[in-house]
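Q: Have a look at this one before I ask anything.
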Amino acid sequence: MSQRHSIEGKDCATDVDPPSIPKRRQELLKWNGWGYKDSKFIVNKDNHVEFTGERYQLSGHTMTLLRDWMIKTVGISLDHKTPPQPELTAKDMPTPVRNEEFLADIRRTNISHSDDCQDRLFRAHGHTLSEMFILREGRFSRMPDLVVWPASHNEVVKLVELANKHNVCIIPFGGGTSVSEALLCPEQETRMIISLDTSQMNKILWVDEKNLVAHIECGIIGQDLERLLAKKGYCTGHEPDSMEFSSLGGWVATRASGMKKNIYGNIEDLVVHVKCVTPRGTMEKSCQVPRLSSGPDIHHFILGSEGTLGVVTEVTLKIRPVPECKKYGSIVFPDFEHGVACLREIAKQKCAPASIRLMDNEQFQFGHALKPESKSTFTNFMDGLKKFYITRIKGFDLNTMAVATLLFEGAKKDVDAQEKRVYEIAAQFGGLAGGAENGERGYMLTFAIAYIRDLGFEYYIVAESFETSVPWDRCLDLCTNVKDRLHRECKERGIQFPPYITCRVTQTYDAGACVYFYFGFNYRGIQNPVQLYDDIESCARDEILANGGSISHHHGVGKLRKRWLKKTVGEVGVGAMRAIKEYLDPQNIFGSGNLMVGDPEESAHNSSNSNVSLPSKL
Amino acid sequence: MYVLSALWNVTLVRLPYIKSHCYLRRTLILSSPGRKIARKMSGQSRNSWIIKDDPRLVSARQKDFFVDIIDERRHTSDIGWALRQREVPAYKYNKARSPAEIKNDVLKSDRVKYAVEKIMEESGASLTDVMKEAESIVDEMAHNLRVGVIRGFAIFLVKVMKKLFQRVYVNEEAISKVRTLIKEYPVLLMPSHRSYLDFLLMSYVFFHYDLPLPVIAAAMDFMGMKFFGWLLRNSGAFYIRRSFGDDQLYWAVFTEYVQTHICNGDSPVEFYVEGTRSRTQKSLPPKFGMMSASLEPYFKAQVPDIMVLPISISYDRVLEEKLYAYELLGVPKPKESASGVFKARSILEEDFGNVHIFIGDPVSIRNYSVGSVDRTSHSISPRYIASLSFQEQALIQKLSYDVTLQQLRNMAISPWSMIAAVLLQNLDGIPLRQLVKEVEWLKRQASNLGAYIDYPVNETAEAIVHHNVFTHKNIAKITEDGIVELVSDDSMLVDKNGDNLMTQAAQELMVCLYRNQLLNVFVRVAMVAIPINSCVKDTLLIAELRSQYQLLEKLLNQEFIFMPGQTDQDFDMALSCLTRTCGVIVQDGSVMIKKSTNKYTTFFSQMFEPFLLGYWVMCRYLLSIQNGAHGKPLVKLPKTISKEAQVLSSQLIRDSHIKHKEVLSLDMMNNSLHSLYHLGAVHKEKREGKTYMYPNLVLLSKVTEDLSKFIEVPPMPQTTINMDTKTVVVNAKL
Ligand SMILES: Cc1cc2nc3c(=O)[nH]c(=O)nc-3n(C[C@H](O)[C@H](O)[C@H](O)COP(=O)(O)OP(=O)(O)OC[C@H]3O[C@@H](n4cnc5c(N)ncnc54)[C@H](O)[C@@H]3O)c2cc1C
């Protein structure tokens, strides 16, 4: 098949900056792991962990404490490695299903497309543990048959029309950072599947400074959006941890949440207008107003629809002037419970900084282990002093301590005032200011962890994160009980090494909080670790629901969490969602099978059970 | 459900395992330290590695899985022991609190606040007033567990134990499990309840093994006793009113008080599923209130799990035996005062034999509820508003029954129970030789049914019987010509009828108490044996047998513990027991009656005969109640009905129509009334806040007839009995 790439970024002529991620993702990104090829954790010749590349603060640094921490907490051994399989090639992939009439029609348009096996492979998955394991150890039994790169709303309209006409399945693809198996192709899909990659729709179409909104194409990724707006002195302030790679359309489609939502709001608060191309036609409002009373908000049909109803093509987002001042901070608490009480109080007084996160002791220790080798003895000395002060003078126990990381943004005087207020409240809960550096390192951990998981993969570690939202009164119990459940399940299922289980309260709201868990274990001596991981995470999700928590705060349902959807919104709720689907997409063109579409039991485990055949080389 | 069905299987195979296991253990213990000494004392032993080759020389400090924990207390200082450093495990999420802080936390809790506000709204009372009331409730309730007092108490307790008992056995293997459990999850201790001593013993065991002292839900009875009330409060007892109806504030304080202990894991929480002491020694059908309150924190996801420990405490001789006998008869106990259990110093001079404490397998409420409970139903309302789903309530009931059944299964049954059972079928006395034979036979049957019989292996059956009769010399004796018979009470209390019937009955009831300890072992096979034994046809269809079993279960389910909904499985299991080991023959779906009525079926039936007889008397009494005005049946208070039925019984006994004085038990009468109510043969009616009862003659006649088919009933002449002032006419009309 011919490939027609629009090689020069002539479409993006409005802006000289090329997008950060190239159309051929394989040129820059890892094929079987997280992020840039040049950036990864490695064990260097001194047997120390080092972070390569030069993109990040950590790049080029050696983390002298990390190896021992990994040995101690999860029992890895540097002698026991699990290297990944060699790069998959065409022969390892299913032959594409071809809908010849559709192909003939698309050739008549000017829309860029490709059936190159690497293009297809890069769009066959998101970043869940099971998907990563398919890449490292297995094969996809189903993947997109064709990748298309529409360059504008109109091209999307054309594509959807053709797909509808020829009964071809479309799965929209934004940044590929999904962690819900939303991008996985349903195994039983017999129609041709096309991956509609939005990455070439990456322009800011206009900025309206009077109303402080910008009209933006859906394929732009977070880092590009902020960089381009910053040139004009603005920002959206929407910063999910995946912002280097995830796209605006993806955020809308998953109801994403950014770290700084306390100031800027979550995606649903930021969206002023959305254009969505469905098989029934384009759905949008005719006005760009701050609020509307006209029945159920049609934006909310689209927000969180996970690619099941249509393609989000253009979005009008609120923007803000770039803040004058940005400041990190941290608070050290004697234990997690005091921290939760403090966060609750800060939320009650509605004075939360742009971001406030409370890490439990395990995560605090992890953050500590990520400390790069200190270049100056003075910093070491200072660290020693701080530790002395906190543990000896204040009587904190290093093994129960919890740390809140803070990010303040705004006008200098507002930040100062807010800082003062937050630390005052903290003091009432036994909290001590722990310095900016600790805070910053906390945020670093968030992005580092996605990379560090790949290092774990090399040493028999499977790990993943999951999250939930919960009312305040149940927050602490939920954290305790879910951790306890995880530990217990690990023990009862014969995992021999201590699992790594940690959580943080990562967002605060008036009526509750978002809790984020990391869970990993050393699977040496165990069959089918992915299935085991999955089973245990399911137990944790059951426990979360029993504790009054939700199916998800921001990761979404996808296929991974479908089985809890009915429990969450009820039979009538699912029925209503299905009715919308039925009206907008009666042929199930948007056939990714996420959320309310199809039977939860059938597709939920397509990836880990049957799609892969993992060699049991253990 | 699976737990109970497992019950039969498991217990049936358990015994041989235990025996061999204990044998192994004993040899190990003896051989290792003895090796050197034995060599020196060569010649004394045929085998040099054996130091005591006469089994009678081996002490009973250890036997099977039990270890006597007061043996060592007889050799070293009690004070040193009581004051020793104790390394006590703590729940991993516990935050240490003092009893005063606990009270304070309760008063400040959302639950109490919520109740207080509601009461203020409803009654218009002021906050200070309602809070004051809440405070006084907490003060009345709260324990004041203090190590200092505990240590003092321990010294006193150990002295009492040593005086009262020969040995206090504990299945020690369970202790290390309990240690780890306590660190992991909140623990509920649920001992059987047959004596006031139960909770003293529990605390004693926990003190002995360096475990955290439990806090104990106690009835208010003790609180009144000045010193003792104080002592118990300071040793961890907290007091709960027996009934507090819809007193919202009391409910809130009580629930919060119990739950806060569980959520924070301050101490193991101990209570009795049976609710109160089983005066009859049979176990009472479980109550659900305390269980619900303690498990709610799990359903509301306030704790990761809760562990329930069923504990069985068996006494060779029950401290309160006499007290119970009189209580059951509803007449005051002569001589010493009823409450003065511990004042009576003379009791310390007596020998109460051994106590066996068996800590059963822990039940994790999480595992127990997998698949049957959905805790998410509590997600959309605050957790301090009491609520349990139907599934949760059903589960709590099932668990309560399971716990009670497990307690029963793990009881150590004394040979005396079997002697009592035989004696009650031979009220005129039985030659020792024959008694020994019968007891041995009965012991085998009980073992086959999975009971743990505390039968010393190193003594002859004769010696065992001798010993046991001696321990119970106040109720039985061996005459010079070798007849074993009941002792009649020496107190010459003569009642208004001019005889000492009640005193005699009390003597007999004391024997019943011990037989009762055995009955739960046999009740299911007996309920199959009774219809077989009383059948007048040649064959009995299994289906018919089953329905008679069902009827018997419905009748007797206030007396014995049956898992609701498991009647059919129980029946199948019991029938197969009878066919496999007791000679009952089934052909073509019918029992062959002639071939099947044998010693087994007869003995089993006769063990339960007094109950059916008692129930029949109740029926006859109810049938004799005359209509009141307007053709409406006369309503009576249940208490009155029982009392009047008892009068009928005494008449029948005096006229020698009935031999078993046991039917005079008011407890039996109450139970029968309740069963008849559940069968629809008696109705309830509320009048002026009190519950009255009256018979449904049609159903009642039917039940009476059914009963008279199972047992031989006395003729019912028309008699007039004098009740206080009224005259009751009992006639033979059916
Ligand atoms: C390391 C890491 C950190 C993360 N941190 C956060 C975080 O802080 N907050 C957060 O909310 N999420 C986070 N996520 C999850 C993920 O980044 C979000 O779900 C994100 O919104 C997905 O965007 P994407 O562009 O990558 O979408 P994709 O992964 O490409 O697609 C996600 C889903 O949206 C659909 N979709 C994509 N684009 C469109 C479109 N234009 N129209 C219609 N449907 C579309 C797809 O079909 C798919 O169902 C994180 C993920 C990772 C791996």
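Q: Applying the selection to the range A:455-467, what residues are away from the ligand (no atom under 11 Å from the Cβ) and within 29 Å of A:D542 (Cβ to Cβ)?
A: A:G456, A:F457, A:Y460, A:I461, A:V462, A:A463, A:F466
Q: Mind listing whichever residues of the range A:27-55 are surrounded by fewer than 17 Cβ atoms within 10 Å (Cβ to Cβ), under 21 Å from A:V179 (Cβ atoms) and in contact (Cβ under 8 Å) with a residue 40 or more places away in the chain?
A: Matches in the range A:27-55: A:W31 only.
Q: Is there any pair with a first residue in the range A:170-198 that is more than 18 Å from A:D116 (Cβ to Cβ) and away from the ligand (no atom under 12 Å from the Cβ) and a second that is part of a strand (DSSP E or B) and modelled with pLDDT of 95 or more whose Cβ atoms are under 8 Å apart and which are 6 or more apart or on different chains, and what are they?
A: A:E189/A:C169; A:R191/A:C169
Q: Sticking with this structure for a sec: If you take the residues in the range A:153-178 that are surrounded by fewer than 23 Cβ atoms within 10 Å (Cβ to Cβ) and in contact with a strand residue (DSSP E or B) (Cβ under 8 Å, 6 or more places away or on another chain), which one is farthest from A:T282 (Cα to Cα)?
A: A:H153
Q: Residues that are at pLDDT below 95 and either more than 14 Å from chain A (Cβ to nearest Cβ) or surrounded by fewer than 22 Cβ atoms within 10 Å (Cβ to Cβ) (or both), at least 2 per element: which helices (runs of 4 or more DSSP H) completely within the range B:303-422 meet that?
A: Counting at least 2 such residues, we get B:321-329.
Q: Okay, next question. Among what's in the range A:221-245 and is over 16 Å from A:E268 (Cβ atoms) and under 16 Å from the mean Cα position of the chain (by Cα), pick the residue that is farthest from the ligand (Cβ to nearest atom).
A: Checked the range A:221-245; the qualifying residue farthest from the ligand (Cβ to nearest atom) is A:Q223.
Q: Take the conditions more than 16 Å from the ligand (Cβ to nearest atom) and at pLDDT below 95 and apply them to A:R485. Does it pass?
A: no
Q: Which is over 30 Å from B:A420 (Cα atoms) and not assigned by TED's automatic domain parsing to the domain that holds B:G245, of B:T691, B:T704?
A: Within the list B:T691, B:T704, the selection yields B:T691.
Q: Are there any pairs, at least 6 apart or on different chains, whose C-beta atoms fall under 9 Å, with the first in the range A:544-565 and away from chain B (no Cβ under 13 Å) and the second surrounded by 23 or more Cβ atoms within 10 Å (Cβ to Cβ) and of a type in the set (K, R), and if so, which?
A: Close Cβ pairs (under 9 Å, with a partner that is surrounded by 23 or more Cβ atoms within 10 Å (Cβ to Cβ) and of a type in the set (K, R)) amount to A:S552/A:R561; A:H555/A:R561.
Q: Now for a separate question. Could you please let me know if B:A293 is farther than 25 Å from B:A386 by Cβ and either away from chain A (no Cβ under 14 Å) or part of a helix (DSSP H, G or I) (or both)?
A: no
Q: Now for a separate question. For B:I453, are the conditions met, namely being among the hydrophobic types (A, V, I, L, M, F, W, C), over 30 Å from B:I658 (Cα atoms) and touching a Lys or Arg at 6+ places or on another chain (Cβ under 6 Å)?
A: yes
Q: Something else about it: Suppose the filter is in the same structural domain as B:Q62 (by TED's automatic domain parsing) and at pLDDT 90 or above; does B:V147 pass it?
A: Taking the combined requirement at face value, the residue does not satisfy it.
Q: What is the one condition in (1) more than 29 Å from B:Y93 (Cα to Cα); (2) at pLDDT 95 or above that A:F429 does not satisfy?
A: (1)
Q: Residues that are under 30 Å from the mean Cα position of the chain (by Cα) and within 22 Å of B:G236 (Cα to Cα): find the helices (runs of 4 or more DSSP H) completely inside the range B:98-167 holding 1 or more of those.
A: Because the criterion is at least 1 residues that are under 30 Å from the mean Cα position of the chain (by Cα) and within 22 Å of B:G236 (Cα to Cα), the helices (runs of 4 or more DSSP H) in the range B:98-167 that meet it are B:127-141, B:147-164.
Q: Let me ask another. Residue under question is B:N500, and the condition is that it be free of Cβ contacts under 8 Å to residues at least 24 places away in the same chain, surrounded by fewer than 22 Cβ atoms within 10 Å (Cβ to Cβ) and under 22 Å from B:D667 (Cα atoms); does it hold?
A: Yes.
Q: Go through the range A:77-132 and give me each residue that's within 16 Å of the ligand (Cβ to nearest atom) and either of a type in the set (D, E, K, R) or outside any loop (DSSP other than H, G, I, E, B) (or both).
A: Of everything in the range A:77-132, those that are within 16 Å of the ligand (Cβ to nearest atom) and either of a type in the set (D, E, K, R) or outside any loop (DSSP other than H, G, I, E, B) (or both) turn out to be A:D119, A:R120, A:L121, A:F122, A:R123, A:L129, A:S130, A:E131, A:M132.
Q: Something else: What's the total number of residues in the range A:476-493 that are among the polar types (S, T, N, Q) and either closer than 13 Å to A:F519 by Cα or more than 10 Å from every other protein chain (Cβ to nearest Cβ) (or both)?
A: Adding up the residues that qualify gives 0.
Q: Another question, then. How many residues are of a type in the set (A, V, I, L, M) and out of contact with any strand residue (DSSP E or B) (no Cβ under 8 Å at 6 or more places or on another chain) if we restrict to the range A:463-497?
A: 1
Q: Something else: Between residues in the range A:209-226 that are closer than 19 Å to A:G310 by Cα and surrounded by fewer than 24 Cβ atoms within 10 Å (Cβ to Cβ) and residues that are β-branched (V, I, T) and modelled with pLDDT under 95, which pairs lie under 9 Å by C-beta distance while being six or more apart or on different chains?
A: none
Q: Could you check, for the range B:396-403, whether at least one of its residues is within 18 Å of the chain's Cα centre (by Cα) and among the small types (G, A, S)?
A: yes
Q: Can we say A:S538 is within 16 Å of the ligand (Cβ to nearest atom) and either more than 19 Å from the chain's Cα centre (by Cα) or within 14 Å of chain B (Cβ to nearest Cβ) (or both)?
A: No.
Q: I'd like to check something: does the range A:549-561 contain any residue that is modelled with pLDDT of 95 or more, crowded, with 18+ Cβ neighbours inside 10 Å and part of a helix (DSSP H, G or I)?
A: No, the range A:549-561 contains no residue that is modelled with pLDDT of 95 or more, crowded, with 18+ Cβ neighbours inside 10 Å and part of a helix (DSSP H, G or I).
Q: While we're here: Look at the range A:173-207 and say how many of its residues are assigned to a strand (DSSP E or B) and among the hydroxyl-bearing types (S, T, Y).
A: So the count comes out to 1.
The values are calculated or read from the model by the stated rules, or taken from the named source; none is laboratory data. Worth saying up front: this structure is predicted, and the values here are computed from it rather than measured. Here Cβ is always computed from backbone atoms with ideal geometry, including for glycine, and neighbour counts include all displayed protein chains.
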